Structure formats: structure tokens, C-alpha cells
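The values are calculated or read from the model by the stated rules, or taken from the named source; none is laboratory data. Everything numeric here is computed off the predicted structure, so don't read it as measured data. Please note: Cβ atoms are built from the backbone with ideal geometry, for glycine as well, and neighbour counts cover all protein chains shown. All accessible areas refer to the heavy atoms of the entire protein, side chains included, with ligands and DNA or RNA removed. Shrake-Rupley method; radii C 1.70, N 1.55, O 1.52, S 1.80 Å.
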Amino acid sequence: MLLSSSHLLLLTTIFATNAIIGTSSTSDFDMVAKIGEMRGDDKRLIITESLPEMDKIRNDESSACNSGLPTVIGFLTAEESEESIYKKGQAATLLSLCSHSNPAFRAKIGTEGGVAVPLVQMVQKAKDLWTKGEEVASTYQYLDVAALAAEAIWALVENSAENHRAFVDAGAVEALGGFIVASKEQNEGEGACKFANNKDGASGRSPCHFVRMWAAAALENLSSNYCDNGEECDGHDEYCGLCFYEWDDEGKLLLSVEEGEEVKYTVSAGGTREALANMDGLVEELLHIVCEVEPDREHEREHPYPTESLVGRDDGMPSTVGWAAAGILKNLALEDKLRPMVATEDAYNCFCEMSGSFDWLEADKAEDAVFHIGRDDDCLKMMEKKFMGDMDFGGGDYDDDDYSEDDYSEDESYDDEEAAHGGEL
């Protein structure tokens, strides 16, 4: 794959902590250093929950999330130039890092921010450049920035009614969905992310897939309902803001409410779901992405698991997109009138297969999709047959003597350090 100099520069930006890249040498506010400080040793591509070290740094009054926030927003909203592109990407990254497991920051952005329009414009420009199909280098340069903007949208709209409204009004749904469709259609017949007859390397890695992943992830959060059951959330509660559903005896999917409990929607995203369903070619492309997932694959460099992917190494790999596409589709299945679009037999089979993925994020989204289309029992039987086959366990008793430590060779032993990094890659 062709890596533009801007792509390499942006990746260096994420890792560098001691050098100023893409910023003025006279600037007193080094966004690169701020990113490095906040990330520390955390190189996860997809941060589903912040670590205590990140919380401590960003809670400091001098952090980019507090007194430095006006400067970050200033970089984001500055007039665009070749130099400012990198700064906009860095600013978007800082907004993402400040938002993870941090509802108070998301609320602050919702009331004081003004970031929705510039972030959406960054995605829209990447989509327009892609559709135009010219100047590979300049387009790839912008794809990296657009991916970071989409990631910021994903992080900011989670469980935030104000931010959800601001990004919908700014055209986020159309820009994000438009890129997913456009990146498929630019070179008809060549597959997604084949730009201007440019052939990617054998791995298929491309900043285009980087945008597709974060665009789909942002659309999942924009199409999600969020609920308030009266309990306080500090951001580290994994169920904070989530809505739960159940099927009633009449075959209706309803909001699940325990007896004596009051639950209300803080965000009801039916309008976003309908807009996505009506976007020409989007649902078909999302289903295609999901059905391309190989749930039985091993985590390797050519097809990494999303939750074990590292920033700067695995961003832009096609195998990191499927979880986010499934997240949108499971939301569409919440609507009675939209459910048939994602409940075909082929779609169900793809969701069910993906629910058995070795990556928990892929499995989680697919399990929800299967449940929302009302076929979780069927899928359970299908997966039991796949993994258990027609084995007859005979009902015999378990005998400790049948097993010994000798059955497990030293070469097969579990290594905590290796496992933490997904093994040797």
C-alpha cells in the first residue's frame, strides 16, 4: 500500500513525546507531548475504557482536557492550511482521549465546545476528495485526519444528548455514512478502498479502512439509544447509559424495565436509524463488511483482532472494521419497520458466525444483532452444532485420572506477557 508522507507523520505524532511534529517551534502548547503523556504505554487502537493513569493525567488542571482545552479547540477550528491539517488531527485525538470514560468532559464539550462542525467538515472533505478520485497523496493525507475526526465523534456522542444533537445537526450522519458508501463505489468491482486504481499491499492496509472503521463506530453511537435508570455513572460503569431490551409474548422488542424501576431515554435515535436505512447502498455495504469477517481467524499481523490492535501498527487493516459495521446494523434491528433489512437468512448467518468470534468486541456486537432480530435461540443451536458437532459424550463420569499435567507440554503453556500483546506478531 502507498503510505503518504502525511500518514507516516501522523503515526509518528501519536507515538512521539519529545519532538514537535507539525506544530510551530514557537508554540508553548505541544499537542504531541500532550498525546504522549495521556496515552503513556497505552497503545490500544480502540480504547473502550480509559486506564487509571490516563484519568490521573487528564484530571490535572493543566491538562489538555481542562485549562488547555480552549487551545485544543483553537487548533481544531483554525483556518485550514497544509500545516494546520496535522494540528487538526492532533486536536481531534486529544478530544478523543479526554472523552473516554469521562461523561463530565463530554458534557462540557456539549455546552461549551463548538467542535461538531469542524469535525464533521474534516470527514466530509475526505469523502469529497475520495469521490473526486484525484491526487492520491493529498487524499491519503486527509484520510488520516478524517479518521481521527471520526474517532472523536465516536467518543464525544456516547451517552451525551447535547453532543448527539450537535453532531446530527452538523451533518455527521450524512458525512460518515457517505464515506462508507463512497469508499466502496469509487472503483467499482475492485473492492472497498481501491482509490484511483491504486493497489494496496497484500495486507490490504489503507488509511481508507481507518476512516471506515471510525466512521462506522461513530454511526453506531449516533444510532444508539441511551437510557437513564436514575443511577449515577462515573464513566467506568460498563452499563452506564445503556438501554436493555426484551421480547414480549407477542413478539415485540421492548425496553426492558424491572418492576418498580423507572427508565427513560436520554437519547432516542430513531431518526438517525431511519436516515441510515434510507442512505442508498449503506446497509448493503455494512452487511458485506460483516459477512467478510472471519471469526475463526487467529490474531496475526495480516488480520488483527480489533481489541488487540495497536495504534500505528494495525490502524487501516480491513479486519478492524467489522465490529463497527455490526454495531450499526444491530441498532437498525431495534426498529420493527427496519428489522427486515438486516434479518435476511444470509445476514442472520453472518451475525451468528460472527457471534462466535475470538474477539470480544466482534462477538458482542454480533450477539446483540442476533438478539435484536429475534433469533438468539437459533444461533445458539447453530453454534453448538458447529463447535460440538454430533459428539456423543455418553453421559459418563468425569475421571481425574484421565488427565495429568503431562498432557500439557511446556511449549503450550500460557504466558501472561505474550498473551497481553496478542502473542508474537
Please identify the pairs in which a residue from region 334-361 that is within 17 Å of residue 289 (Cα to Cα) has its Cβ atom under 7 Å from the Cβ atom of a residue that is charged (D, E, K, R) and surrounded by 15 or more Cβ atoms within 10 Å (Cβ to Cβ), counting only partners at least 6 apart or on another chain. 348/375; 354/362; 355/367
Look at region 271-282 and say how many of its residues are within 30 Å of residue 232 (Cα to Cα) and surrounded by 14 or more Cβ atoms within 10 Å (Cβ to Cβ). 2
How many residues does region 149-173 hold that are assigned to a helix (DSSP H, G or I) and free of Cβ contacts under 8 Å to residues at least 60 places away in the same chain? 7
Kindly establish whether residue 267 is more than 25 Å from the chain's Cα centre (by Cα) and not charged (D, E, K, R). no
Kindly provide the set of residues from region 320-359 that are among the polar types (S, T, N, Q) and open to solvent by 10 Å² or more (accessible area, probe 1.4 Å), ordered by number. 344, 349, 355, 357
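Quick check on region 361-379: of everything there that is closer than 24 Å to residue 298 by Cβ and in contact with a helix residue (DSSP H, G or I) (Cβ under 6 Å, 6 or more places away or on another chain), which residue is surrounded by the most Cβ atoms within 10 Å (Cβ to Cβ)?
Out of the qualifying residues, it is 369.
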So which residues in region 323-344 are farther than 13 Å from residue 211 by Cα, part of a helix (DSSP H, G or I) and not basic (Lys, Arg), if there are any at all? 323, 326, 327, 328, 329, 331, 332, 340, 341, 342
Is there any pair linking a residue in region 115-133 that is within 17 Å of residue 81 (Cα to Cα) to one that is among the β-branched types (Val, Ile, Thr) and crowded, with 21+ Cβ neighbours inside 10 Å, with Cβ under 7 Å and at least six apart or on different chains, and which? 119/153; 122/145; 126/211; 129/139
Any residue in region 241-262 that is among the charged types (D, E, K, R) and surrounded by 12 or more Cβ atoms within 10 Å (Cβ to Cβ)? no
Residue ID - surrounded by the fewest Cβ atoms within 10 Å (Cβ to Cβ), chosen from residues in region 288-316 that are within 15 Å of residue 362 (Cα to Cα) and hydrophobic (A, V, I, L, M, F, W, C): 291
Does any residue of region 141-148 turn out to be free of Cβ contacts under 8 Å to residues at least 12 places away in the same chain and farther than 24 Å from residue 166 by Cβ? no
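How many residues, within region 288-305, are at pLDDT below 90 and more than 17 Å from the chain's Cα centre (by Cα)? So that I can check it myself, show each step before the final result.
Residues of region 288-305 that are at pLDDT below 90, as a first pass: 295-303.
Subsequent filtering for residues that are more than 17 Å from the chain's Cα centre (by Cα) retains 295-302.
Final tally of qualifying residues: 8.
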Quick check, is residue 162 open to solvent by 10 Å² or more (accessible area, probe 1.4 Å), under 13 Å from residue 212 (Cα atoms) and modelled with pLDDT of 85 or more? no
Under the condition of being modelled with pLDDT of 90 or more and open to solvent by 50 Å² or more (accessible area, probe 1.4 Å), which residue from region 115-140 is farthest from the chain's Cα centre (by Cα)? 128
Criterion: modelled with pLDDT of 90 or more and of a type in the set (Asp, Glu) - qualifying residue of 190, 238, 261, 250: 250
Of the numbered conditions (1) open to solvent by less than 40 Å² (accessible area, probe 1.4 Å); (2) within 16 Å of the chain's Cα centre (by Cα); (3) among the acidic types (Asp, Glu), residue 285 fails exactly one; give the number of that condition. (2)
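Residues are listed down the side, and each one gets a yes or a no for (1) modelled with pLDDT of 95 or more; (2) surrounded by 22 or more Cβ atoms within 10 Å (Cβ to Cβ); (3) touching a strand residue (DSSP E or B) at 6+ places or on another chain (Cβ under 8 Å); (4) of a type in the set (Val, Ile, Thr):
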site	(1), (2), (3), (4)
58	no, yes, no, no
82	no, no, no, no
93	yes, yes, no, yes
99	yes, yes, no, no
